[in-house]
Amino acid sequence: MVHAVCVFCGSSTGTQRVFSDAARELGTRIAQRGWRVVYGGGSIGLMGVLADAALAAGGEVVGVLPGALFTTEVAHPGLTDLRSVGSMHERKALMTELVDAFIALPGGFGTFDELFEATTWAQLRIHRKPIAILDVANYFTPFRDLVARAVADGFIRPEHAALLSYFTDVDALLDHLSAHALQP
């Protein structure tokens, strides 16, 4: 059962309005399901759009932010809970501890880092939580192709590539997480 979901996403809104629209829809839909959003704690970019939408829909939002980034990523002042940690590694570890599933929206190196670590930890069975990617405007298509190439070249096992699920529809993604989250 899903109680909380971690969302990895950019501290920028990107160049296309569809990215912000997707973050807004995702935040709203998560809140409407009564699930808690756990994310990087910023008030800017897709992070801020996601958090604001979930809060506006009556949801709980937990931000996890290294103390050094409180000014850089402009910590969101209106969250249900904002937690300060000492490092990016502590951020990812705490977010993993607090959630039942992961979602990646478009983003940059930080988003990729978080997605890769969550996936690597799933591969190593450090956690068994589902990981879904919302492929907005084909943003993750090159990534999906790269994973397929790594499988074909023998660097990633097919069962490890299957740890990632790709969606273009928010409700289908959330239904998948609901069906695949481990029962307590």
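Laboratory data are not the source of any read-out in this text; all were calculated from the coordinates shown. The model shown is predicted, which means the values in this text are computed figures rather than measured ones. Methodologically, a virtual Cβ is constructed for each residue, glycine included, from the backbone with ideal geometry; neighbour enumeration extends over all protein chains shown.
I'd like the full set of residues that are on the phi > 0 side of the Ramachandran plot and surrounded by fewer than 20 Cβ atoms within 10 Å (Cβ to Cβ), limited to segment 2-35. I'd like the intermediate steps shown before the answer.
In the first step, residues of segment 2-35 are kept if they are on the phi > 0 side of the Ramachandran plot; the result is 14, 34.
Correct list: Gly34 only.
Just name the residue that is farthest from Leu177 (Cα to Cα) out of those in segment 98-119 that are aliphatic (A, V, I, L, M) and in a loop (DSSP other than H, G, I, E, B). Break it down stepwise before answering.
Looking only at segment 98-119, we keep the residues that are aliphatic (A, V, I, L, M), and these are 98-99, 101, 103-105, 115, 118.
Filter again for in a loop (DSSP other than H, G, I, E, B), leaving 99, 105.
Numbers: Val99: 12, Leu105: 15 Å.
Only one residue fits best here, namely Leu105.
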On the given criteria, is Ala51 in contact with a Leu (Cβ under 9 Å, 6 or more places away or on another chain), without any contact (Cβ under 8 Å) to a residue 60 or more places away in the chain, part of a helix (DSSP H, G or I) and buried (at least 24 other Cβ atoms within 10 Å of the Cβ)?
yes
Could you list, in sequence order, all residues of segment 5-43 that are without any contact (Cβ under 8 Å) to a residue 40 or more places away in the chain, in contact with a Cys (Cβ under 9 Å, 6 or more places away or on another chain) and farther than 19 Å from Leu79 by Cβ?
none
Of (1) in a loop (DSSP other than H, G, I, E, B); (2) touching a Pro at 6+ places or on another chain (Cβ under 9 Å); (3) among the small types (Gly, Ala, Ser), Gly154 satisfies every one except (2)
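Of these, Ala162, Ala137, which one is without any contact (Cβ under 8 Å) to a residue 12 or more places away in the chain, closer than 27 Å to Leu50 by Cα, of a type in the set (A, V, I, L, M) and surrounded by fewer than 19 Cβ atoms within 10 Å (Cβ to Cβ)? Before you say what the answer is, go through the steps one by one.
Numbers: Ala137 fails: without any contact (Cβ under 8 Å) to a residue 12 or more places away in the chain.
Unique residue meeting the criteria: Ala162.
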For segment 25-51, give me the residue count where each residue is of a type outside the set (A, V, I, L, M), out of contact with any His (no Cβ under 8 Å at 6 or more places or on another chain) and over 14 Å from Ile103 (Cβ atoms).
3
